[in-house]
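Participant: Let me begin by handing over the structure; questions about it come next.
All of the numbers you see were taken from the coordinates with simple rules; none came from a lab. Please read these numbers as outputs of a predicted model, since none were measured by experiment. Cβ atoms come from the backbone with ideal geometry, glycine included; neighbour counts cover every protein chain shown.
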Amino acid sequence: MSNESNRRDAGRREFLKQSGLLTGGALLTTLPSFASSYGFHNSADDTIKVALIGCGGRGKGAALQALKSKQNVKIVAIADAFRDRLDDAYKTLNQNPELAKRVDVPEERKFVGFDAYQKAIPLADVVILATPPGFRPMMFEEAVKQNKHVFMEKPVATDAPGVRRVLAAAEEAKKKKLNVVVGLQRHYQPNYREMIKRIHDGALGDIIGGSVYWVSGGVWVNPRKPNQTEMEHQMRNWYYFNWLCGDHINEQHIHNIDVANWVKKGYPVSAQGTGGRQVRTGKEYGEIFDHHIVDYVYEDGTLINSQCRHYEGTYSKVDEAFVGTKGRVDSFGRQSILKDHKGNSIYTHNGKGDGDPYQIEHDELFAAIAKNEYKFWDAENGAKSTLTAIMGRMATYSGKVVKWDEALNSNIDLFPEKLAWDAKPKLLPNADGFYPVAVPGKTVAV
Ligand SMILES: NC(=O)c1ccc[n+]([C@@H]2O[C@H](COP(=O)([O-])OP(=O)(O)OC[C@H]3O[C@@H](n4cnc5c(N)ncnc54)[C@H](O)[C@@H]3O)[C@@H](O)[C@H]2O)c1
């Protein structure tokens, strides 16, 4: 660290001590107006304590990104439903000797089971929620109740009751000035920021149509193992069960659907679409569809076509394109290209040298927390983009037109009555191990 940054850090620590923030906020009136008695870390030094909940691929990644942010972050607790996943994450977090110095997780702060999150949350200033999305509403609610800043992965729910819980907790988080970042990382990705700023400034005129895609080969599958209870099987193979995942239109394609909402500065008023299971029909694929095509209609009549599929060995495309009255934009990877209708360049962002958006979201979140600033309130948009994806699923499962308010007010609750390894999830297989699958025209939409 340079002398200059050492001096700045020492100065900041001194400010935090003098302002009383580090000791529980006794001198709150001396603080800038954004400060409140909630939500700011109150360790005896400038350490920001983090609890990781959900120790899989993204949880490990997010925890490492938190450690790599320029702030004094320490991982103090980790929690997972399964011991083997937790042990694997602990090993990964300790691989880099420099970062490992700030992994302070003795055995008594490793928590396993369905209630692990309740034990980890109180120990931290910031919680990383990276379990399958079905658990996000209850865990986010708990984190906000306990006045914690949050980084939570997308999507933030799998059904409408879950979305409503997140929206309510998002309101609470705002009142308490808790920073909340949702892992819709395109919001932290330079080419998207630049492209959407220009679109909102009118570079393309009014946006009147678009297409968003996540067409790919699909993801992992964990077939049933002998002696697993039904609950353990569904938890280990969570991608294929809607109470946990919400289908891939929700789990993956939310990224592109969310970009459409961002571009349109709003959420669709209705959706209709088609989908099914064409290729991926085995029992190991649970209940989800392998393709969805949805027309989303926005308030001004703009139609955005959304396409997602999981077919191995086929063409892949993960991007977005929008058409305006004055021009069009194509965005793929870290590039965004804006042109007028004659093909003349308006703006090109080639992305070379851009930072990693997964790192940027943590750098910005932890910098705000370290400076006691309230800067991020992503939960409401995260919940509404999640609902947009769920509304698409409702449309493809039912074959009906689904309106926004109907989707939001739906009482289809996918969550199990009880969480325990011997408890039964709501969806059960038949005698041959196959699960019921939605049938358009018969399945109820909302
Ligand atoms: N932003 C992105 O680009 C991105 C990329 C990948 C995944 N994700 C999101 O991150 C989340 C996790 O995905 P992943 O790929 O890491 O999955 P994963 O299966 O690798 O990890 C999930 C972990 O959560 C644990 N878990 C399950 N239920 C739990 C509970 N009740 N309490 C505690 N732990 C529990 C699992 O055992 C597992 O270790 C998902 O919401 C996914 O959509 C986002």
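Participant: Please get the size of the charge dipole for the chain, origin at its Cα centre, with Cβ charges of +1 on Lys and Arg and -1 on Asp and Glu, quoted in debye to the nearest 20.
Facilitator: 500 debye
Participant: Given Cβ point charges of +1 (Lys, Arg) and -1 (Asp, Glu) and nothing else, what value in debye, to the nearest 20, does the dipole of segment 198-254 about its Cα centre take?
Facilitator: 280 debye
Participant: Same structure again: Taking a ≥ b ≥ c as the square roots of the Cα gyration tensor eigenvalues, with a/c under 1.5 meaning rounded and otherwise prolate when a/b beats b/c, else oblate, which class fits the chain? Don't skip to the answer; put the middle values down first.
Facilitator: Details: a/c = 1.80, a/b = 1.20, b/c = 1.50.
Oblate, because a/c is 1.5 or more while a/b does not exceed b/c.
Participant: Net charge near Leu67, counting Lys/Arg +1 and Asp/Glu -1 over other residues with Cβ under 10 Å of its Cβ? Working shown, then result.
Facilitator: Working: positive: Lys68, Lys74, Lys101, Arg102; negative: Glu98.
My count for the surroundings of Leu67 gives +3.
Participant: Along the charge dipole of the chain, pointing to its positive end and built from +1/-1 on Cβ of Lys, Arg, Asp and Glu, which listed residue (Val150, Asn430, Val269) has its Cα farthest out?
Facilitator: Projecting each Cα onto the dipole axis, the largest value belongs to Val150.
Participant: I'd like the Karplus ³J(HN,Hα) series for segment 47-57: coefficients 6.51, -1.76, 1.60, θ = phi - 60°, whole numbers in Hz, and an x wherever there's a Gly or Pro.
Facilitator: Per residue, the Karplus-derived 3J(HN,Hα) values read 5, 9, 8, 10, 10, 9, 10, x, 9, x, x Hz.
Participant: Another one. Taking K and R as +1 and D and E as -1, what net charge do the other residues with C-beta under 13 Å from the C-beta of Asp378 add up to? Walk me through the intermediate numbers first.
Facilitator: Values: positive: Arg136, Lys154, Lys174, Arg186, Lys375, Lys384; negative: Glu153, Asp258, Glu361, Glu364, Glu380.
Here the charged neighbours net out to +1.
Participant: Past the 21 Å Cα-Cα mark, which pairs from Lys110/Lys154; Lys148/Lys176; Lys70/Lys174; Lys145/Lys176; Lys264/Lys339?
Facilitator: Lys110/Lys154; Lys70/Lys174
Participant: Where a ≥ b ≥ c are the square roots of the eigenvalues of the C-alpha gyration tensor, would you call segment 292-399 rounded, which needs a/c under 1.5, or, failing that, prolate if a/b is larger than b/c, or oblate?
Facilitator: oblate
Participant: OK, next. What would the Debye formula give as log10 I(q)/I(0) at q = 0.21 Å⁻¹ for the alpha-carbon point model of segment 267-312, no solvent?
Facilitator: -0.70
Participant: OK, next. Please sort 229-241, 273-285, 428-440, 144-156 by packing, taking for each peptide the average over its residues of neighbouring beta carbons within 10 angstrom, highest first.
Facilitator: Ranked by mean Cβ neighbours within 10 Å, highest first: 144-156, 229-241, 273-285, 428-440.
Participant: Another question, if that's okay. For labels at Gln95 and Arg58 in the simple 7 Å Cα→Cβ model, what's the distance in nm?
Facilitator: For the pair Gln95/Arg58, the computed spacing is 2.0 nm.
Participant: Please report Asp340, Asp125 as a ranked list, fewest other C-beta atoms within 10 angstrom at the top and most at the bottom. Write down the numbers at each step before the final one.
Facilitator: Working: Asp340 15, Asp125 21.
Ascending number of Cβ neighbours within 10 Å: Asp340, Asp125.
Participant: Would you mind working out the magnitude of the charge dipole of segment 231-318 relative to its Cα centre, with +1 at each Lys and Arg C-beta and -1 at each Asp and Glu C-beta, to the nearest 20 Debye?
Facilitator: 160 debye
Participant: List the residues, sorted by chain then number, that are 5 or more residues from Asn179 or on another chain and whose placed amide H is less than 5 Å from its amide H.
Facilitator: Placed amide hydrogens put Val150 under 5 Å from Asn179.
Participant: Stretch Lys342-Glu232 to full length: gain in nm at 0.36 nm per residue minus the Cα-Cα span?
Facilitator: Full extension of this stretch gives 33.9 nm more.
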